[in-house]
Structure formats: structure tokens, C-alpha cells
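First up is the structure itself, then whatever we jot down about it.
The values are calculated or read from the model by the stated rules, or taken from the named source; none is laboratory data. None of the values given here were measured: they were computed from a predicted structure. Positions of Cβ are generated from backbone atoms using ideal geometry, with glycine treated the same way; all protein chains shown enter the neighbour counts. Please note that ligands, DNA and RNA were not included when accessible areas were found on the heavy atoms of the full protein model with its side chains. Shrake-Rupley method; radii C 1.70, N 1.55, O 1.52, S 1.80 Å.
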Amino acid sequence: MMRMRARLLVLQVLVLVLLVVLAGRLWQVQVVRGQEFVQRATETRTRTVIVPAVRGQILDASGRPLVRNKTALVVSVDRTRLARTPDGGAEVLAKLSKVLGRPVQDLQRRITPCAPKVPKPCWTGSPYQPVPLDEKVSTREALQILERQEEFPGVTAEVHSVREYPGGRAGAQMLGYLQPVTEAELEKREGLKASFSGVDLAGRDGLEYVYDDELRGKSGLRRVQVDRMGKALGVEEQTAPVAGDTIVTSIDSRVQAVVEKALAHAMKAQPSADGAAGVVLDVRTGRVVALASAPGYDPAIWAGGISARGYQWLLSDKSGKPLVSRAINGQFAPGSTFKISSVSAMLRAGYPLNGTYDCPGSYMVGDRAFNNFRGQGLGTMSLHTALVKSCDTIFYRAAYEQYLKDGGRNAKKNPKEIFANTARAFGFGKPTGIDLPGESSGRIPDRAWKKDLWARTSAISCKRSRTGYPEEKDAARAAFLKRLALENCTEGFLLRPGDSANFSIGQGDVLVTPVQLARAYMALVGDGRLRSPRIAWAQVRPDGTVVKTFDVPVVGKLPLSQKERLYIKGALSDVASDGTAAGAFAGFPMDRVRVGGKTGTAEVWGKKDTSWFASFAPTDHPQFVVVVMVSQGGMGAETAAPAVREIYEGIYGIKGPAALPGGRPVSRLPRFAPDGTVIRE
């Protein structure tokens, strides 16, 4: 009995102790740390979601969309959450594969971070960003995921806006494309990091890149109540996102289509052609009306992640490397289109504007004869006729004479280098500053450039002068290359007589881009001022309010008087009717629209000539400058000039409806309604 009582007493004490401990614990949880646990419980029930803003549109001068948005169901995967599952997400991806009808291996590759040895498709974005796997999901597929959320942890199916390109391939390099935001971008751009929604894309090229901040908009915020499975129960707080601004450009989509078609026809007519570019500028404003490069590609290929095969195709020689904009990145010898600079250099050197000049079939530059086209002698002529008939020997002689005045091979301490410096005054040898990324500078080879090139390449040249070119199968070519290597090794730092002669007709080492040449002609036939062309015209808020317009800056002035400019312009005005482009413009209604310009045929070692035609119209009061370049297109009058003719026919409606009725670009910004839509007039 006593033993039983003792046991009961112990049990009572034990129960009492447990009650005290429990009471103490309850007091600690509810009183001491109550607020902390309340906060944690609240956090567990609440999810903060940054709502991405709709990206702004890119419109043409009349308000037609060049890039717009469309809504699409997008399936995305949170890599971090997927990795926390017991099998690393293998089961989830297997189920997702059945829903989407895509191989598991393809889904796995798409969520794998890109690395030097990881081929595309792979994930280029931030590790904190959900990876979009499919941007063309049907409603049925999305519901299968949403209704069985417990089977798809880390997987979402939401309506997002995706980019759409109504013009297809037209202006693809100019417009650019979007790709996921990288971790490096988040660290560098504070404004981007603060509003990063987790699914944001960033501009990677073209206008999308240059005006990324304006187009991006401001993300919104939403606090959502969720259950333990993560399903939304309700919205606690919400701040609406602000859509990105619209960029109105000076591009006319109708003219852009005409230029694209003309380049396609030019390349089809010359099977050897491997690339082309077309530029249309408004002489009176300095704005870009059309900018095209061929071959092109459909920028929609980037949507949802590009495949390895698609990416390699864009980079391949077989495709013609369509990612490269030949209009701003392509560097080519300009041929005789460059003579506007050379004739200006002659005037700066003191050659009389109204003088007469002999145009023999060939001219000795040093110990080498430099020939006219087909060796034809054209007799005595004016500078006007020299431009119309494209006499080379007049320019050879002038350039060689100035070369000798500068000291020849043994240059004076401060040589004038009039031909090179005049070319720079025309804007050659440096980027135009057009509002597109990655523009090439071209090249103006002078004495300083020759020395710099020799310093960088002399070791290789000297080695090749000894070893030769055993890999070259053509013995004659191998011998030539070995002699050239020896010459470059021993005196490659010298500007040679032939260099000056070639320079004067846009051959040899001189390189320009199509947009540089168009800009130079625009200044010549305009007011003499050198401008930095602009594509963007205005930034407009979603409510239709114009935030600002983008001015076209003046960056220089041609080294010519108005009288000299008018003289050169007058000579060029006869080229399409009575000069080297007369054949290409035979039958063109010059009485309706008189076209002026200059053909160019630039020789390229081992390839067909580069075909150029730089033009302007109407010649009395120029409104447009149109430049076309066709790589491996042959003679300028053979390929580029007919393409320019086709562009003018399209602009003015010579053979059909006019792309620009009245022959003038749009001069007034489109009007917008309060909801941001364009008011059609």
C-alpha cells in the first residue's frame, strides 16, 4: 500500500512538473516570442510577387508597329525550387515532358546554365529567374499544370506578353531582339535590379538594346495569400505595373519593305552575291527612313529560347551570318563613290574648280602604271565630266602629286595628307554615331596607320618571308604572297606611291560602311553639315503623352564652300542620265523624278567586285539619299544601280502604288489616344 502511494506521489509530481514546463513553454511562445511567430506565420501565408511591366512598342513614323506585344501562355520553371526536390526535379520534368510533348532532355538543356562547354539551348539568365520553357502553350496544357500544382512544384503557367514582328524579317538587325536578364546585368544596373520581376528580358541588339530603359517600364507588386500547397487564396496588396514607353521611329515600314525587296532581287540577279545593304536617309532632317541588310532572319526565332541548331545557323557562313548588319557593320572598299571626297581634296590642294584635266588611259605612279577603266583614254575634261564619266587617272595623278609634296616615302615632319584628312572631314574613318550598337568605324589608311599596322604584323610578315606559304596549292599565288610578305617585313611601315593612288579612287586599304557613305552624300547635297543619323524620333508614354523627341545632332561640316558643293552635286546629277549609271536608268522618268549619284566598283582580292551606287533625288531639291551596296555583286551599274532604281520606283510609285504619296517622308508624329493607341487619320 505504501509502495502504491509512493508511486502515485511520484506520478503526481511528474505530471505537475510537466504542466509547469508546458505552461512555461506556452508563456514563452505566446508572450515572449508571440509577435515573432505571428510574423513568421504571416510570412508563410503570404507571397510577394513582382509583376512584370508590358514592354513598350516600336512604331514606324506613321504609327504602324515594327515591334509589338501579343499575349501568350508561358510555362516557366523555378530551377532553385526544382533542385530542392528529392530527385532534383527529374520526376517533375518527366511529367512536364508528357504535358508539353517535348523530350525530357530538351527541357533539361533549357534550364541548364550556359557555360563555355555547354551548347545552346541553355539558360543565359539569372539563377534567380524562372526559366521559360514554352511560349506557345495551349489552354488545355496550362490547366493540366495549374489544376495539379502539387505534382508540378516550381512550375508556373501564366499569361505573359511576348514580342511580335509584323514585318517578319524586315529590319531585323535594326530592331534587335530580347534575351533573359543575366546576373551580371543585375549587378551592374541598379535600376534594373530594383524592379526585376524574375521574368524580365533585356534588349540584346538594335533599338531594343539602345532604348531598353525607355521600353522596359516599371514592374508592379502583388502580395498574395497562399495555402500550404502554394495555391493563391487572395490578394492582400497590389501595385499595378507601369507599361514601358513607346518608341516612334522615323522608319517608314512601306519604304523599308521596298528596300528589302530590292536587295533580295539584287542578290538573286547575282548568284555570287553574299550580302547587301540599303540605306535611305531624309536629307532635310538627317533621319533614317529605311535601313536594311541582307541576308536577314526572323527575330521571332529568339522567342522562348533559340535551339542549338538555330543559333549555329545564325553564325554560319552558309546562312551568310544574318546577325551582322552590313549597313552599319559591313566595311567595304567604296570604289568610285569615294570620289566626292577625292575631288574635294583636290580643291583643298589648290586644283582649280573650273580647270581642265587630261584623262589618259594610264598614268605612271612611281614605277607602276595605273590604268583607267578598261585602259580607255577620255581626253581633256573638266572635273564635272571626270565625275560623270568616272575618270580614274585624273585622281591618280592628283593623289600622287600630293604624296610627293608630303615627301613621298621619306615623309616630311608634318605632312598635310590632304586626301586622308579630307576623307575624315567627310566622316569616314569613325562611327557616324547612329543610334544602334556596335557600329564599325571604317578605315582611312594614312602614314600613322601604316606604322601601327607594321608594328602589329611585322613579326608574322618576316616569318612568312622566310617560310613562305607551303599550304597554298597555287604555286604562282604562293610566290606572290611570299614576295608580299618580304615587302611588308622590310618596308611595311612606309606609305607607298600605289597606296595614295588606290586611296584616291576608294580602293586599297580604305574601307567605309554603307551608312557612312549615305551620311557623307546627305551632307554634300544638303546644307553641308555632317549629322549623326537617328532612327528614334520620339518617346511616348502609354497614355499618349510625348515624353521627348530625339534630335539629330550636327557633328561636323564639310570642307567645301557652297559653290563647290553645288558644282559637285551638279556633276553627280548627270550620272544617271548621261554617265556610268545611264544604262541602269534607261527609261526611268527623269522628267518626273531626276536622280543623281555615283556608281562604284571596288575590286576585292579573290572575289567578285563590290557593287555600289550612292544617289539622291530629286536633284534640284534633294529629299532622299539612297545607298545600296552588294558584296560580290560586280559592277556598280550592273547590280547596285538597278536596285536603287527599284527603290525610287517604289517610293514615288513609278510602277505601282507609291510607298510615300507625294514623295515626302512623314513630317509629323502620329497622334495618340489617351489609351496609347494611334489615331488613324
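Filtering the range 343-368 to residues that are in contact with a Gly (Cβ under 8 Å, 6 or more places away or on another chain), closer than 22 Å to Gly508 by Cβ and outside any loop (DSSP other than H, G, I, E, B) leaves Cys359, Ser362, Val365, Arg368. Note on the range 277-309: residues that are of a type in the set (S, T, N, Q) and open to solvent by less than 10 Å² (accessible area, probe 1.4 Å) total 1. Before we move on, is Arg68 outside any helix (DSSP H, G or I), open to solvent by less than 60 Å² (accessible area, probe 1.4 Å) and out of contact with any Gly (no Cβ under 6 Å at 6 or more places or on another chain)? For Arg68, the condition - outside any helix (DSSP H, G or I), open to solvent by less than 60 Å² (accessible area, probe 1.4 Å) and out of contact with any Gly (no Cβ under 6 Å at 6 or more places or on another chain) - is not met. Among the residues of the range 611-659, the ones that are part of a strand (DSSP E or B), of a type in the set (Ser, Thr, Tyr) and either in contact with an Asp or Glu (Cβ under 8 Å, 6 or more places away or on another chain) or surrounded by fewer than 24 Cβ atoms within 10 Å (Cβ to Cβ) (or both) come to 2 in all. For first residues located in the range 438-453 and under 30 Å from Tyr209 (Cα atoms), partners that are assigned to a helix (DSSP H, G or I) and lie 6+ apart or on another chain with Cβ distances below 8 Å form the pairs Glu439/Val515; Gly442/Gln516; Arg443/Trp449; Ile444/Ala420; Ile444/Ala423; Ile444/Arg424. On inspection, Gly310 passes the criterion of being closer than 18 Å to Arg204 by Cα and not basic (Lys, Arg). Please determine whether any residue of the range 553-571 is assigned to a strand (DSSP E or B) and not aliphatic (A, V, I, L, M). Among the residues of the range 553-571, at least one is assigned to a strand (DSSP E or B) and not aliphatic (A, V, I, L, M), which makes the answer yes. Taking the criterion of being of a type in the set (Ser, Thr, Tyr) and in contact with a helix residue (DSSP H, G or I) (Cβ under 9 Å, 6 or more places away or on another chain), the residues of the range 54-111 that qualify are Ser62, Thr85, Ser97. Among the residues making up the range 181-213, those that are surrounded by fewer than 17 Cβ atoms within 10 Å (Cβ to Cβ), in a helix (DSSP H, G or I) and either at pLDDT below 75 or in contact with a helix residue (DSSP H, G or I) (Cβ under 7 Å, 6 or more places away or on another chain) (or both) are Glu183, Ala184, Glu187, Lys188, Glu190, Gly191, Lys193, Ala194. Only residues that are open to solvent by 10 Å² or more (accessible area, probe 1.4 Å), of a type outside the set (D, E, K, R) and either part of a loop (DSSP other than H, G, I, E, B) or in contact with a His (Cβ under 6 Å, 6 or more places away or on another chain) (or both) were counted in the range 574-601, giving 10.
Considered as a group, the residues in the range 267-276 that are among the aliphatic types (A, V, I, L, M) and over 14 Å from Asp609 (Cβ atoms) include one that is most open to solvent (accessible area, probe 1.4 Å), and that residue is Ala269.
For Leu178, the stated conditions do not hold, so it cannot be described as of a type outside the set (Lys, Arg), at pLDDT 75 or above and more than 27 Å from Gly296 (Cβ to Cβ). The listed residues are Gln39, Gln57, Gln30, and the only one of them that is farther than 30 Å from Arg163 by Cβ and at pLDDT 65 or above turns out to be Gln30. Scanning the range 369-401 for residues that are within 16 Å of Asp446 (Cα to Cα), open to solvent by 20 Å² or more (accessible area, probe 1.4 Å) and either assigned to a loop (DSSP other than H, G, I, E, B) or not acidic (Asp, Glu) (or both) gives a single hit, Tyr400. Restricting attention to the range 510-545, the residues being in contact with a helix residue (DSSP H, G or I) (Cβ under 7 Å, 6 or more places away or on another chain) and assigned to a loop (DSSP other than H, G, I, E, B) number 4. Just one of the numbered conditions (1) open to solvent by less than 60 Å² (accessible area, probe 1.4 Å); (2) at pLDDT 80 or above; (3) outside any loop (DSSP other than H, G, I, E, B) is not true of Ser62: (3).
Would you pick out the residues in the range 509-553 that are crowded, with 19+ Cβ neighbours inside 10 Å and closer than 30 Å to Gly606 by Cα? Matches in the range 509-553: Val510, Leu511, Val512, Thr513, Pro514, Val515, Gln516, Leu517, Ala518, Arg519, Ala520, Tyr521.
Given the structure, is Ala485 modelled with pLDDT of 95 or more, open to solvent by less than 60 Å² (accessible area, probe 1.4 Å), hydrophobic (A, V, I, L, M, F, W, C) and more than 30 Å from Ala294 (Cβ to Cβ)? No.
Among the residues of the range 88-116, just one is of a type in the set (Gly, Ala, Ser), more than 19 Å from Glu141 (Cβ to Cβ) and assigned to a helix (DSSP H, G or I), namely Ala90.
Can you find even one residue in the range 309-321 that is touching a Gly at 6+ places or on another chain (Cβ under 6 Å) and in contact (Cβ under 8 Å) with a residue 60 or more places away in the chain? No. Every condition in (1) buried (at least 18 other Cβ atoms within 10 Å of the Cβ); (2) part of a loop (DSSP other than H, G, I, E, B); (3) of a type in the set (D, E, K, R); (4) more than 29 Å from the chain's Cα centre (by Cα) is met by Lys450 except one, and the failing one is (2). Out of the residues in the range 488-508 that are in a loop (DSSP other than H, G, I, E, B) and over 18 Å from Val604 (Cβ atoms), state the one that is most open to solvent (accessible area, probe 1.4 Å). The selected residue is Phe493. Residues of the range 554-573 that are of a type in the set (A, V, I, L, M), open to solvent by less than 70 Å² (accessible area, probe 1.4 Å) and more than 15 Å from Ser615 (Cα to Cα): Leu558, Leu560. Taken together, the criteria place Pro470 among residues that are out of contact with any Lys or Arg (no Cβ under 9 Å at 6 or more places or on another chain) and in a loop (DSSP other than H, G, I, E, B). Of all residues in the range 330-362, which are touching a residue at least 60 places away in the same chain (Cβ under 8 Å) and more than 15 Å from Gln402 (Cα to Cα)? Scanning the range 330-362 gives Gly330, Gln331, Phe332, Ala333, Pro334, Gly335, Ser336, Thr337, Phe338, Lys339, Ile340, Leu353.
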